[in-house]
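Student: Just passing along the structure, written as structure tokens.
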Amino acid sequence: AAMVQKYQSPVRVYKHPFELIIAAYERRFPTCHLIPMFVASDIVNEYKSDDEAIHVIERRCKLDIDAPRLLKKIAGVDYVYFIQKNSLNRRERTLHIEAFNETFSNRVIINEHCCYTVHPDNEDWTCFEQSASLDIKSFFGFESTVEKIAMKQYTSNIKKGKEIIEYYLKQLEEEGITFIPRWTPPVACKLESSTSHTRRPTSPAINIPDSATKEGLSSKEILNTSGSPVEPTAGTPDDKLDADYITRYLGDLTPMQESCLIRLRQWLQETHKGKIPKDEHILRFLRARDFNIDKAREILCQSLTWRKQHQVDYILDTWNPPQVLQDYYAGGWHHHDKDGRPLYVLRLGQMDTKGLVRALGEEALLRYVLSINEEGLRRCEENTKVFGRPISSWTCLVDLEGLNMRHLWRPGVKALLRIIEVVEANYPETLGRLLILRAPRVFPVLWTLVSPFIDDNTRKKFLIYAGNDYQGPGGLLDYIDKEIIPDFLGGECMCEVPEGGLVPKSLYRTAEELENEDIKLWTETIYQSASVFKGAPHEVLIQIVDASSVITWDFDVCKGDIVFNIFHSKRAPQPPKKESLGAHSITSPGGNNVQLIDKVWQLGRDYSMVESPLICKEGESVQGSHVTRWPGFYILQWKFHSMPACAATNLPRVDDVLASLQVSSHKCKVLYYTEVIGSEDFRGSMTSLESSHSGFSQLSAATTSSSQSHSSSMISR
């Protein structure tokens, strides 16, 4: 298989005139002690025009490549020969250099093109660019070795190029040469001769500004600019990257990394007529894929499409976060860390993630997180200017003080995972460091759920501190200046980040409301609603194959009081017949109502109860889980909770009788969500689940209100 490697350099700017640079360049020949492998060179061809404006030299260069002896022996050569053709045009002030290999030219094809030109904005400066390609067809089975050697030699020489020119400039200066006059046409009498007449750069009919001819533009291009200041089509600093800009704003890149950035950027300019991302953002995608240009291009294109679909470019200017977020989202920007990275503080433990999801839906929450990331990109740019060095990522400090069962609410964790996924895909390499402080005992469970979604590169940047460890050696002070450590972490700095706190139930919106949201980034809502009638419970079937799975549930009792049960059966219940739903189903447009347990089944014989019944009052929110002991069929049941008759008289009480006359009181409404988690998803935390046969009762003893034999259901009132 042929391997083709390409290289494209940034523009290197020398703040010296073209003529002086050429004089320095020419001192490299016939040999140059600064390039030890360049052993000799002979001129094989030369041409000079009459007026001396054009000078072409072709040389055969002898190179002593630094390769293993064995390889040289197999290849049967000691030296490698290259042909180098230099075309100097003094009138246009350009030097073009073409080079290709003569040795092994049927096995390996190397092409290089370099050019020295005048800087478009300053005629006393010179620009240098080079590009190359390496195509290895075959090399005695050593193709990849040869490729490595060639790339290594080539990149080390790229780095040297500038030093060599500067060395000879200094030598010229020491000899007292600091100015070399430009080429001028020979004296007038010669101009009349027809031969040189054809060589005049401009046709006399059009009056062209002098600067334009110097840039080598054709008159057509100049006429097309229609009065705008003349700018050469190529070489404008706007559409090319120069080496100094890269070092200052983007970072210390190897030649091949620079080349990848330039090529990907060039491809974007050619193919994406719309808005193309900033250089530092293109670079993030390259870093995320270890500078594999094809892989980076793929994820970058997906992200650009996504940005367009969701109008992300306008999010900071046009979207105002709902008040609930401003009041209850406990996160915000807070100065910067010791490396100058913007610092984002998130008091996750103080935040009611469940309340936020219920009050806003995932849409608004995701939008908010995206606007935070967009703001992060903006702050990186700003800090790059302020600190005088490239800053492309931010630091995130997450305080888990107060983290409890509410945070392990599955839909909340699910929303978090989706948000992480979207951020990982569209903001790669933006997280410089993540400091997790005051991690409580429930943290490992949350971590097991979240970590598979996080990219390995990102995960290496996590630092986790339990309890007050962050105050000790290797703690927060290593990363953040003492003056800006927030007050809630025992620092002196007033931190403007909202306190968070519980989102009032009155702000919760119904599934229907969330359903009708106009912005749909993710469509489905994860809750289902069910109606429960006297004598007609709602039942959900869960089939378990792997004995130690975990069934989790989460429901809100919207109306009425109910009893929640969970049963196990070895045999499959018959699917419900439409008629068996009873007359009540007509009155329940808002939810489904299904019975699965056959009237003839007997408890204890056909099916068994695996949890004790849980009575749930109107307005309660219940979460819980059950570790299954056996495979088979599990049935979750929400049943109408009827008041016990008055114990003293055994006669119905008046208000019970009155209540039962009102049809509405026979109907309860539940909003529920269930999910089965395989035991492998609880890697590392299964033991604590098993030992108590309880969803999370051990991990969250403090926050669990009701813990039964094999399960814990947690009620937040």
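The values are calculated or read from the model by the stated rules, or taken from the named source; none is laboratory data. This is a predicted model, so every value here is computed, not measured. In this analysis, Cβ positions are derived from the backbone assuming ideal geometry, glycine residues included, and neighbour counts consider all displayed protein chains. Only protein heavy atoms, including side chains, enter the accessible area calculation; ligands, DNA and RNA are left aside. Shrake-Rupley method; radii C 1.70, N 1.55, O 1.52, S 1.80 Å.
Student: Does a label point 7 Å from the Cα of HIS33, set along Cα-to-beta-carbon, have any residues of the range 148-169 with amide nitrogen under 19 Å, and which are they?
Tutor: Of the residues in the range 148-169, 160-169 have backbone N under 19 Å from the label point off HIS33.
Student: May I ask you to compute the full-extension gain from PHE488 to GLN171, defined as 0.36 nm times their residue separation minus their alpha-carbon distance, rounded to one decimal in nm?
Tutor: 107.9 nm
Student: Using Cα positions and a limit of under 18 Å, work out the aspartates and glutamates in reach of LYS137, with same-chain residues fewer than 8 apart set aside.
Tutor: Reachable aspartates and glutamates: GLU102, GLU112, GLU147.
Student: A follow-up question, please. Enumerate the lysines that LYS338 could reach by cross-link, defined here as Cα to Cα under 26 Å, with residues fewer than 8 away along the same chain left out.
Tutor: Once the sequence-local lysines are set aside, what remains near LYS338 is LYS278, LYS385, LYS460, LYS461, LYS482.
Student: Amide H neighbours of LEU241 under 5 Å, counting only residues 5+ apart in sequence or on other chains, H built in-plane at 1.01 Å?
Tutor: Result for LEU241 returns VAL11.
Student: Nearest 0.05, what FRET efficiency do MET151 and ARG418 give at R0 = 45 Å with Cβ-Cβ as r?
Tutor: 0.65
Student: Taking all protein chains as present, what is the carbon and sulfur share of the accessible area of the range 243-310, in % to the nearest whole number, probe 1.4 Å? Please list the in-between numbers first.
Tutor: Values: 1690 of 3470 Å².
For the range 243-310, the apolar C and S fraction of the accessible surface comes to 49 percent.
Student: Please list 3J(HN,Hα) in residue order for the range 533-548, calculated via the Karplus relation 6.51 cos²θ - 1.76 cosθ + 1.60 where θ = phi - 60°; whole Hz, with x for glycine and proline.
Tutor: 10, 4, x, 9, x, 10, 10, 10, 9, 10, 9, 10, 9, 9, 3, 9
Student: For the range 315-328, what does the Karplus curve 6.51 cos²θ - 1.76 cosθ + 1.60, with θ = phi - 60°, yield as ³J(HN,Hα) per residue in whole Hz, taken in order and with x for Gly and Pro?
Tutor: 4, 5, 7, 10, 9, 9, x, x, 3, 3, 5, 4, 7, 10
Student: If the cut-off is a Cα-Cα distance under 23 Å, which lysines reach LYS159, setting aside same-chain residues fewer than 8 apart in sequence?
Tutor: The reachable lysines, counting only those whose Cα sits under 23 Å from LYS159, are LYS6, LYS15, LYS62, LYS85, LYS148, LYS170, LYS240.
Student: Something else: Restrict the search to the range 119-188; then list the chymotrypsin sites (Phe, Trp or Tyr not before Pro) that DSSP places in a loop and that have at most 11 other Cβ atoms within 10 Å of their Cβ. Let's see the in-between values first.
Tutor: Details: sites: TRP125, PHE128, PHE139, PHE140, PHE142, TYR154, TYR167, TYR168, PHE179, TRP183; in loops: PHE139, PHE140, PHE142, PHE179, TRP183.
When the chymotrypsin sites (Phe, Trp or Tyr not before Pro) of the range 119-188 are filtered for loop state and at most 11 Cβ neighbours within 10 Å, PHE179 remain.
Student: Let me ask something additional. Taking the Cα of ASN457, stepping 7 Å toward and past its beta carbon, and measuring to each backbone N in the range 275-306: which are under 15 Å?
Tutor: The answer is 280-303.
Student: Using only Cα atoms, what is the ratio of the radius of gyration of the range 243-310 to 2.2 N^0.38 Å? Mind dumping the intermediate values first?
Tutor: Numbers: Rg = 11.8 Å, N = 68, 2.2 N^0.38 = 10.9 Å.
Cα-based Rg divided by the globular estimate yields 1.08.
Student: Here's something else I'd like to know. Just grab the label-to-label distance for ARG69 and THR178, each label 7 Å out from Cα along the Cβ direction, in nm (one decimal).
Tutor: 5.1
Student: What FRET efficiency comes out for ASN320 versus GLN528 if R0 is 45 angstrom and r is the Cβ-Cβ distance? Round to the nearest 0.05.
Tutor: Efficiency for this residue pair is about 0.90.
Student: Can you give the accessible area of THR271, probe radius 1.4 Å, in Å² rounded to 10?
Tutor: Here the residue's solvent-accessible area equals roughly 70 Å².
Student: Right, another one. Per residue, how large is the accessible surface of the range 317-506? Use a 1.4 angstrom probe and give square angstrom.
Tutor: Values: 7720 Å² over 190 residues.
On a per-residue basis, 41 Å².
Student: Here's another thing I want to ask about it. What are the ³J(HN,Hα) values, in whole Hz, obtained from phi via the Karplus relation 6.51 cos²θ - 1.76 cosθ + 1.60 with θ = phi - 60°, for each residue of the range 279-287 in sequence order, with x given for Gly and Pro?
Tutor: 3, 5, 7, 4, 4, 4, 5, 5, 5
Student: What ranking of LYS639, LYS570 comes out by heavy-atom accessible area, probe 1.4 Å, highest first?
Tutor: On the way: LYS639 85, LYS570 180 Å².
The residues order as LYS570, LYS639, largest area first.
Student: Cα centroid distance between the range 64-105 and the range 423-451, in Å?
Tutor: 52
Student: Excluding ligands and nucleic acids, what accessible area in Å² is computed for ASP124 using a 1.4 Å probe, to the nearest 10?
Tutor: For ASP124, the solvent-accessible surface is approximately 80 Å².
Student: Considering only protein heavy atoms and a 1.4 Å probe, what is the carbon-and-sulfur percentage of the accessible area of the range 62-108?
Tutor: That fraction is 50 percent.
Student: Sorted by mean Cβ packing within 10 Å, highest first, what order do the peptides 15-26, 318-329 take?
Tutor: Put in order of decreasing packing, that is 15-26, 318-329.
Student: Could you check the simple spin-label distance between ASN45 and GLU102, using points 7 Å along Cα→Cβ, in nm with one decimal?
Tutor: 1.2
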